[in-house]
Each structure stands twice: as structure tokens, then as C-alpha cells.
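Worksheet: one structure, shown below.
The values are calculated or read from the model by the stated rules, or taken from the named source; none is laboratory data. This one's a predicted model, so the numbers in the text were calculated from it and none came from an experiment. Please note: Cβ atoms are built from the backbone with ideal geometry, for glycine as well, and neighbour counts cover all protein chains shown. These accessible areas exclude ligands, DNA and RNA; they are computed on the full protein's heavy atoms, side chains included. Shrake-Rupley method; radii C 1.70, N 1.55, O 1.52, S 1.80 Å.
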Amino acid sequence: MLNVIGAGFPRTGTSSMKAALERLGFGPCHHMFDVGSDPDRARRWAPLADAGTAPDWDHVFEGFRSAVDWPASFFWRELADAYPEAKVILTVRDPHAWLASMQALIANGPARLQADRLAPEMAPLVENMNTTRPLLERMIREGLGSDRAFGEPLDEKDSLLAFERHVATVKESLPPERLLVFDVREGWEPLCRFLGVDVPDGEPFPHLNDSQVMEQSIDRLLQGENIGLPFHPAS
């Protein structure tokens, strides 16, 4: 059963949120990394490419107490209904900075994984991406309003409008006592207050997976290094 549901778009500090929630006792926390690194998890998500699918959310999130990032946050409304006691966190950032980060992710993620000569270590990740590709295309199409081919840069105007529309929709759809609108630069205090837990003594808030680290990590993978997932400075 999920206790915390992330409603924020990718590249809004979701990997930092994953690390923070797990440190606060709300882990394991589901993230796109779990889909990319686990074939069984990818197969559980694959049927949701069909908008008419009625998923067994307990099966999809078996073993997890929280979830952030796509694909989970794409279904934030369904999850909020399925787990009415769970709290919802909408991670946000400056829309233009978000778009730049998304474009960098596309340029250094799916596009390169399709274009470059891949090391053997990348094969499972690519296979899992292919398993969930129809779902990823649905999320880009419906979530970002983009009809561009998978791996192509996003349209700036449409994507910024989609980001702002998503933030507004989440805010107006949930009662304030259930929703935290959160920028990871705010650190531990508002997050811990919302979740009713103590601030970790003397520990900095985790800041993981910025665009530069993502690019460096993919470079290492393409060179054949087995650095593991997710891509973050601890790798």
C-alpha cells in the first residue's frame, strides 16, 4: 500500500525525492529507475499503454511504500483515489529550467540509446525501455501534449503549457491538508512537517541526478562500465 504519492513531472527533483523518502522511512520508493532496471517491473507497467486498462495497483506497486516520477506520477489521480489515506507531493521547479532538463534528458537518454553503439551492460535497460515504450509514448502524448516521435525534442510552447496546466490541475484537485507543493531546494523542513516525521539531524537534503550527472553516467555506460542504476553521484 502506498503511503506517499508523487504527482510531479519527471525532472522536478524526483530522484532526490526518492532518496529523501527512503531516508525518512517511506521506502522503498518506486521511480522510473525501477522500471528500467527490473524486467518484471517493466512488464507490470506495459499493459497501461492502453488507456482502457484497469490495473491492480497493489500488484504494480508490490513491495513499495511510496512512488515518484513517471510512470507513477502520470497516474497521480488514479492512485490518489486508490489509496485515499496516502499523502500527495507535487514536486515543482521553474518551468523553463524544467524544460531544459527534459530536453537534456531526451538528448542524452532515449535518443542516444537508440543511436549509439551500446555496451553489453546496456542491453537489459534497452529491453526494458522497449517493453514500456508504448506507455512512455502515451505519457508524452497525453501528459505533455506532444505528438513528436519518441526521442525527439519537445515543442517548447506546448510543453511549458502542459507543465503549468498539470501543476494547476493537481493543486485544484486535492485538499490542502493532503497535498504538499514542494521544491526540493526547500530542504527537509517542509517535507518532514507534511509527513509528520523528524528532520534528519545534521544530514543535508539529497540532491541527485542533475543533467550533468545523467550525461556523465550514460557516457560511462556506453563505454562499457557497469555503474548500476539509478544514475547518481553515488554510482
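A simple spin-label model places the labels of residue 23 and residue 94 2.4 nm from each other, with each point 7 Å out along Cα-to-Cβ. Using a simple spin-label model with pseudo-atoms 7 Å out from Cα toward Cβ, residue 50 and residue 38 lie 2.4 nm apart. Within the straight-line cut-off of under 19 Å between alpha carbons, the lysines reachable from residue 171 are 87, sequence neighbours fewer than 8 places apart in one chain being disregarded. Partners of residue 18 within straight-line reach, counting aspartates and glutamates whose Cα lies under 12 Å from its Cα and excluding those fewer than 8 residues away in the same chain: 34, 69. With K and R counted +1 and D and E -1, the other residues having a Cβ less than 11 Å from that of residue 41 yield a net charge of -2. For residue 51, neighbours were defined as the other residues whose beta-carbon sits under 9 Å from its Cβ, and their charges (Lys and Arg +1, Asp and Glu -1) total -1. Gain on full extension, evaluated as 0.36 nm per residue between residue 165 and residue 201 minus their Cα-Cα distance, stands at 9.3 nm.
Taken along the Cα-to-beta-carbon direction at a fixed 7 Å, the label points for residue 3 and residue 133 span 3.9 nm.
By accessible area, using a 1.4 Å probe on protein heavy atoms only, the stretch 29-107 has 53% of its surface on carbon and sulfur.
For the stretch 149-197 and the stretch 4-72, write down the distance between their C-alpha centroids in whole Å. Each part reduced to its Cα centre gives a spacing of 16 Å. Peptides 76-89, 44-57, 26-39 ordered by packing proxy, namely the average of other Cβ atoms within 10 Å per residue, highest first: 26-39, 76-89, 44-57. Length available on full extension from residue 155 to residue 62: 0.36 nm per residue minus the Cα-Cα distance, which gives 29.9 nm.
A simple charge model with +1 on the Cβ of Lys and Arg, -1 on the Cβ of Asp and Glu and nothing else charged puts the dipole of the stretch 5-62 at about 300 debye relative to its Cα centre.
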